[in-house]
Amino acid sequence: MLFAVLCLAGLGVVFGIILGVAAKKFAVEVDPRVEELMKVMPGANCGACGLPGCGGFAEALVEGTVKPSACSPGGASLQEKIAAILGTEVSTYEERQVAQLLCQGGIGHSKMLFRYQGISDCRAALASFKGQKACDFGCVMQGSCSKACPFGAIQMGADGLPVVDYYLCTGCNKCVVECPQQILKLVGVSHLVNVRCVNTEKGKDAKGKCSVACIKCKICEKNCPEDAVHVIESGNGTVALIDYEKCTNCGICAAKCPTKSIDKIPPISEEVVLEVGETPAAGCPSCGICKAA
Amino acid sequence: MQEYLIIVVSAVLVSNIVLSQFLGICPFLGVSKKLSASLGMSGAVSFVLVLAGTITWTVQTYLLAPLGLGYLQTIAFILIIASLVQFVEMVLKKFSPPLYKALGIFLPLITTNCAVLGVAIINIQQEYTLGKVLVHSMSHAAGFTLALVLMSGIRERLEDADVPESMKGTPIALVTAALMSMAFLGFSGLI
C-alpha cells in the first residue's frame, strides 16, 4: 500500500517537475499587445473581418496581416484605439461598404424557361439547367444570400430578387462569398450609381432574355462627362462597368440607359442606423445584430 | 520476422483499433467530416500512440512490475499519457510551430483518447518485447489512420448524397461506421 502511494506520488512529482521545467524552458512569448487589443474589441465575434472572432482579428493585427478598418462594427473609434496600442498612424478611415446586387432581372423582367420547384438553394437551382431563367448570368432567386446574412440585411423581394437593407448591411462579405453567380459585390456607400447587369452576351441576345439587360449600346460611355463608365471585355463578351474612382454620382448614364440596367440609388448614411430618431447608447458598436434579432 | 508481420497485419486489419476493438470512436466520429482534418488527427494520434506505447511499456517493465504494482497500471498510464501530451504540445509549440498549428486542437484532445490507453494496455497484456511494442503501436496507429481516412472519404461523399432529413449528420455517420465495422469483420479469418 505504502509502495503504491509512494510510487504513484513519485511518478506524479517527476512528471510535474518535467512539465514545470518544460513550461519554463519551452515558453513561447505571447505578444502583450494582443491582450490589450482584445480589451478594446467590440466583442461581437461577428466575423465581419474574415477572421475567426475578435481574438483572431487581434492576432492578425499584431502580425500586420489585416487592416484595422477590416472591423466594420468597430468603426472609426476602434481604429483610433488600435492605432494607439500598435503605435501606428490612424490610417485614413475607409468608408463603410454594403452589398449591391448586380442583377435586376426579377419576375416580369427576365424570361423564364421553366418553373423551378426544387430545394430552395441557389446552387441546387443552378444545377438544374443553369437555373430557371433564360439568362445564365443573373440572380437565380433562391435566397442563399439571404440565408447567409448574419444581420438579416437581405430579404427576398416580391419580384424574387434579394433586397439589401443598406442600413443593416455591415459589409461582412458573407453573401458575396455565398452567391454562386458572383453577382453580389461590396461597394462603398458613397458610390450610388451601379451597372446592375453582368450579362456579357451580344445586345440582341441579352435583350431577348431580359428586359433590363445591358445591351452594350455604349450610350452610357458616350454621355459620361467623367469618362467613368465603359463597355469592357469580360468573360466571352462585353458588359458596361463603372470606374468608382472616377464616378461622381451625376446619374446621367442611369438616366440615358435605354434598358435602365444602370441605376442610381438614394444616398446611404455613413453609419449604421438603428432606428429613425434613435441615437446609439455609449459603447454601442452599431453592429446591427440587435436590430436584426 | 514472421511474428512482426503477423503483428502488423493483425493490428491494421484484423483487430483494427477503431473498427474491431471500438476504441477511439470519439475522434473517429468527431474529426472525420473532412479529409484534411482527419489526416491531422491521425498524425497527432499516431505520434502520441507510438511515444506513449514505448514509455508506458518502459514504466511497466522497469518500475511497476518489479515492485509488484501491476494493479496501478491504468492510473499510472493515464498519468503518463496526459503528461506526455502536454509535454509534446509544449515542445512542438517551441520548436515546430507549423506542425503545432497543423495538429493544433487535436493534440489536447488525445489526452483522453482511449485508443492510446488501449494500445498501451494491450502491449502489456500480450507481454511484448520493446521491438514488438514499437511495431505493434505503429501498426495500430496505421490502422487508426486507415479507419479515419476511409470514414472521412465516405462522409465527404455523404455531404452530396440525398440523405433523409432525420438521418442527416450523426445518424448516417453511425450507420456508416457500423457498415464499415462489419466489412472489417471479413478480415477476421486472415490470421
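Loop-only GluC sites (Glu not before Pro) in the range B:85-191, please: DSSP not H, G, I, E or B, and at most 14 other Cβ atoms within 10 Å.
B:E127
Filter the trypsin sites (Lys or Arg not before Pro) in the range B:144-189 down to the DSSP loop ones having no more than 13 other Cβ atoms within 10 Å, then list what survives.
The qualifying sites are B:K168.
Using the 2.2 N^0.38 Å rule of thumb for compact globular proteins, work out how chain A stacks up: its C-alpha Rg over that value, please.
1.36
Could you calculate the FRET efficiency of A:A255 with A:M38 from 1/(1 + (r/R0)^6), where r is the beta carbon distance between them and R0 is 51 Å, rounded to 0.05?
Plugging the Cβ-Cβ distance into 1/(1 + (r/R0)^6) gives 0.55.
Just to check I understand the Karplus step: with θ = phi - 60° and J = 6.51 cos²θ - 1.76 cosθ + 1.60, what whole-Hz values come out for the range B:20-34, glycine and proline as x?
Going residue by residue, I get 10, 9, 6, 9, x, 5, 4, x, 4, 8, x, 10, 10, 7, 10 Hz, with x marking Gly and Pro.
Residue by residue through B:84-90, how many Cβ atoms from other chains fall within 10 Å of the Cβ on average?
Average per residue, whole number: 4.
Other chains' Cβ within 10 Å of B:94-100 residues: what's the mean?
1
How high is the relative contact order of chain B, in percent, counting Cα pairs under 8 Å that sit 6 or more residues apart?
44 percent
For chain A, what's the relative contact order in percent, using C-alpha pairs closer than 8 Å and at least 6 residues apart?
Result for chain A is 16 percent.
Round to a whole angstrom and tell me the spacing of the C-alpha centers of the range B:173-191 and the range B:22-82.
The range B:173-191 and the range B:22-82 have Cα centres spaced 23 Å from each other.
Using alpha-carbon pairs under 8 Å, 6+ residues apart, how would you state the relative contact order of the range B:80-191 in percent?
17 percent
Where a number appears in this text, it was derived from the coordinates with a stated rule and is not lab data. Just so it is clear, the structure is predicted and the values come from calculations on it, not from any experiment. With ideal geometry, Cβ positions are generated from the backbone for all residues, glycine too; neighbour counts draw on all protein chains shown.
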